[in-house]
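Scroll down for the structure; my scribbles are underneath it.
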Amino acid sequence: MTKNKRNIRVTKPKETAAGTPAVISSAKHILSEMSLQKGTKILLNLNQKEGIDCPGCAWPDPDDERSRIGEYCENGAKAIAEEATSKKLTLDFFSKNSVSDLVKLTDYEIGKKGRITQPMYLPKNADFYREISWKDAFKLTAEHLNKLDNPDEAIFYTSGRTSNEAAFLYQLFVRAYGTNNMPDCSNMCHESSGVALSETLGIGKGSVKLEDFYETEVILILGQNPGTNHPRMLSALQKAKKNGATIISINPILEAGLLNFSNPQKLSGLLGAKTKLSDHYLQVKINGDMALLQAIIKLMLEEEEKKPGSIFDLDFIKEKTHGIDAYLEHIRQLNMDDLIAICGIPLEQIKTVVKILSSRKKIIACWAMGLTQHKNAVDTIKEIVNLLLLKGSVGKAGAGTCPVRGHSNVQGDRTMGIYEKPSNIFLDNLENEFNFQPPRDHGYDTVKSIEAMYTGEAKVFFAMGGNFLSATPDTNYTAKALENCDLTVHVSTKLNRSHLIHGKEALILPCLARTDKDLINGNPQFVSVENSMGVIHSSRGNLNPISDKLLSEPKIVCELAKATLNDSTIDWDKYLEDYDHIRDNIEACIPGFEQYNKRVRLPEGFYLPNGARDNNYFTATGSANFSISKAEAQQLQAYEFLMMTIRSHDQFNTTIYGLNDRYRGIYNERRVIFMNPRDMGKFGFEKQEVVDLYNYHGGTERVAEAFIVIPYNIPQQCTATYFPEANVLVPLKSTAKKSNTPASKSVVIQIKKSISDTKITS
Ligand SMILES: Nc1nc2c(c(=O)[nH]1)N[C@H]1C(S)=C(S)[C@@H](COP(=O)(O)OP(=O)(O)OC[C@H]3O[C@@H](n4cnc5c(=O)[nH]c(N)nc54)[C@H](O)[C@@H]3O)O[C@H]1N2
Ligand SMILES: Nc1nc2c(c(=O)[nH]1)N[C@H]1C(S)=C(S)[C@@H](COP(=O)(O)OP(=O)(O)OC[C@H]3O[C@@H](n4cnc5c(=O)[nH]c(N)nc54)[C@H](O)[C@@H]3O)O[C@H]1N2
Ligand code: SF4
Ligand SMILES: [Mo]
């Protein structure tokens, strides 16, 4: 056996989330990055009405009561620690550290270096970034953009932290320049949800409000780990339970945050009192969800047919839906044994859940990446919609769809037009308002962007935030794609791997973050964001920026637009007098933003219109649509495994806060693979043995070396590793049908004993 010489410590997985350990962890992270005084100043303002919107996830703030001292979670505190760190990267740092040295560091080490403080430029063939003025940086970018044969040779990526104001200006600039090549992190995230929900319910967003959680009867949580990724959702689940809701979790592994919760905002929670969250936990096989949902629906249908109207909401189905007959016929034809074999859940357990769902009328279904990142993701999400439609559980209080969004403004960015497939109505509105002709052809999404850069069809890559190289699949292929570009430009707060795997020339443009004060002529500006439930509200930073050479994202876009566009019909200078001017233009172009400047100043913000919430379905049929899909098992050889790439408790996507995954009992290590002990026995792997992982999709060998085997409670032939370390194995061409989202939760791998134990030393 190849022994691991690393510093890993493994304990039993936890069965309760948050509580005192979360408070201790928050304090540790904050104090390692800044003074107590600075930390307190931010945390007291975080998620308060008229305060700073947490730069972590997109979970909403409660409309009513907010704790004056602690309206945030452990991971919100970590996000703040990471962003508002007092550590900074000076010119001295860049003159002492070459790109070829920095690239050898782990993502964790790179991220801990500090905030970027001035624009940096990497000339052709150079190994050290050097200082560049803002003026020259804009000029250089503009020259590259204007030199292209066609605007479609440029790509403009967006991550989901960008405010509504910056996002609107950014897409306006990109379209005035002449392309719809606007891939975003959503392409890798909830794109599958957007496609499924648009086709079935006529809106690509969820339909529930936070208060629906407080009056619902059943909450289904599929493929989501809220204890880590949306921690304040646990408070909503706790309140739902108190009000009598039943929680059913569907997940291949037992996540602590779905089992029990000790509320750290309440004294009782700090003293150890806990609430049991999931009443039923279905440990489904990876991507077995569609089969499981169909099995549930098939059993419900059998009962319904014995006594019509006893289980399904026949009035709702008749008045509001389309396609019921064909759908039920399809369900009748399915074979129960096949469905059970695919999902791996025993019949008895399915029957228990059927009993609960049958007698309840108000159901909320929540889901995240465990559903969206599979080949058949769109169809699985449509199956959730089928279940809700049968029960009349959309368009009424206490019921509906809840795709829980990731980045704090990823939903808002889409609303603002960050999309490679904009609608004609949206483009017409831009044309009317700004008097130019926006391009009509659809642009590249994330996967197509990588292919275009690889083949040389795209030559300039510009990123508004994010860490494209580490977030995307097939790391080695994507690296070559970026390296092929003539120029790569990143608007960023912190150093990351995408600055170090670069085009022939590269720029880093440092921007203000959420927590920073944004002043125009001494007047404080605020920005706005949209949370997971469609509430638009303001966010105001309160810290003095770490350097006077940072610019706001809106300012960067306007200056770049002025440097690039000749005879622009858009008055870019006006936006830089006051952000109210940006919001006035948003109001003119995007429905739902009437009186934007007035309503965004309401302390609690305002809701955007939502057809599905109001029981109106703006689909092609004019009704809510049933959909027919066939569940298929992933065909695996006996020596193959399905691997899901998931987040540890100490990371925000590619930003690694620390090396622990406290709830799963892993400390000081990220290169681990969770395996079923029986599979380990079958293949002769011992606990903490070092293995190499392989993927052979499309005839290419992909290898991820030196992962430590962790025996874990996970279905057989299913495994889990952390993203981004395992992204080298995710094939670019293995994507979800219709949404083109990389199938990074169902990667087929082989696991082999490591040939060497010296490859990874830290
Ligand atoms: N602290 C923190 N917060 C975050 C993030 C972060 O990295 N750190 N990221 C943000 C972003 S951008 C996003 S999109 C969200 C992500 O939030 P999540 O979707 O919760 O994140 P993942 O870790 O990808 O977790 C997926 C969950 O799905 C389960 N799963 C995997 N495959 C399957 C399957 O086939 N079926 C079922 N039923 N379950 C499955 C996994 O076991 C895991 O519990 O979180 C956001 N919030
Ligand atoms: N294998 C696998 N791959 C995945 C996933 C998975 O589950 N498995 N999840 C996918 C998902 S859901 C997502 S959303 C993507 C995430 O993809 P991205 O959004 O591209 O990645 P992040 O790690 O969130 O980006 C972090 C960087 O953003 C910059 N940044 C932070 N704040 C700001 C800001 O305010 N402004 C600007 N301009 N920059 C800022 C910092 O420089 C930081 O290094 O990854 C996807 N990749
Ligand atoms: S739940 Fe999400 S938005 Fe709320 S404090 Fe935690 S990380 Fe921030
Ligand atoms: Mo995401």
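The values are calculated or read from the model by the stated rules, or taken from the named source; none is laboratory data. These numbers come from a predicted model, not from an experiment. Positions of Cβ are generated from backbone atoms using ideal geometry, with glycine treated the same way; all protein chains shown enter the neighbour counts. Ligands, DNA and RNA are stripped out before the accessible areas are found, and what is left, the full protein with its side chains, is counted by its heavy atoms. Shrake-Rupley method; radii C 1.70, N 1.55, O 1.52, S 1.80 Å.
Assorted remarks:
- Residue match in segment 92-103 (condition: modelled with pLDDT of 95 or more, among the β-branched types (Val, Ile, Thr) and either farther than 15 Å from Thr654 by Cα or within 16 Å of ligand 2 (Cβ to nearest atom) (or both)): yes
- The single condition from (1) in a loop (DSSP other than H, G, I, E, B); (2) over 30 Å from Tyr722 (Cα atoms) that Ser268 fails is (1).
- Answer from Ile311, Ile317 - the residue that is hydrophobic (A, V, I, L, M, F, W, C), more than 17 Å from Leu222 (Cα to Cα) and not in a helix (DSSP H, G or I): Ile311
- When Asn150, Asn180 are checked against the criterion of being away from ligand 1 (no atom under 16 Å from the Cβ), within 31 Å of the chain's Cα centre (by Cα) and at pLDDT 95 or above, a single residue qualifies: Asn180.
- If you go through segment 82-101 and keep only what is under 20 Å from Pro724 (Cβ atoms), crowded, with 18+ Cβ neighbours inside 10 Å and either in contact with a Phe, Trp or Tyr (Cβ under 9 Å, 6 or more places away or on another chain) or without any contact (Cβ under 8 Å) to a residue 24 or more places away in the chain (or both), you end up with just Glu82.
- Considering each residue of segment 490-500 in turn, at least one proves to be within 17 Å of Val99 (Cα to Cα) and either hydrophobic (A, V, I, L, M, F, W, C) or more than 9 Å from ligand 2 (Cβ to nearest atom) (or both).
- In segment 501-532, the residues that are within 15 Å of ligand 2 (Cβ to nearest atom), among the hydrophobic types (A, V, I, L, M, F, W, C) and open to solvent by 20 Å² or more (accessible area, probe 1.4 Å): Ile501, Leu512, Val527
- Note on segment 20-45: among residues that are in contact (Cβ under 8 Å) with a residue 60 or more places away in the chain and within 25 Å of the chain's Cα centre (by Cα), the one that is most open to solvent (accessible area, probe 1.4 Å) is Val23.
- For Arg414, the criteria (1) buried (at least 24 other Cβ atoms within 10 Å of the Cβ); (2) within 16 Å of ligand 1 (Cβ to nearest atom); (3) not aromatic (Phe, Trp, Tyr) hold in every case but one, which is (1).
- Taking segment 714-733 as the range and being over 22 Å from Gln635 (Cα atoms) and either away from ligand 2 (no atom under 11 Å from the Cβ) or not in a helix (DSSP H, G or I) (or both) as the test, the residues that pass are Tyr722, Phe723, Pro724.
- Of the residues Lys355, Lys396, Lys375, the single one that is surrounded by fewer than 24 Cβ atoms within 10 Å (Cβ to Cβ), within 15 Å of ligand 1 (Cβ to nearest atom) and outside the structural domain of Ala463 (by TED's automatic domain parsing) is Lys375.
- At least 2 residues being in contact (Cβ under 8 Å) with a residue 60 or more places away in the chain and within 16 Å of ligand 4 (Cβ to nearest atom) is the threshold, and among the helices (runs of 4 or more DSSP H) wholly inside segment 131-239 those reaching it are 191-201, 226-229.
- Listing of helices (runs of 4 or more DSSP H) fully contained in segment 344-409 that carry 1 or more residues being away from ligand 3 (no atom under 16 Å from the Cβ), in contact (Cβ under 8 Å) with a residue 24 or more places away in the chain and under 30 Å from Thr158 (Cα atoms): 369-372, 377-390
- Boolean, Asn335 is polar (S, T, N, Q) and free of Cβ contacts under 8 Å to residues at least 24 places away in the same chain: yes
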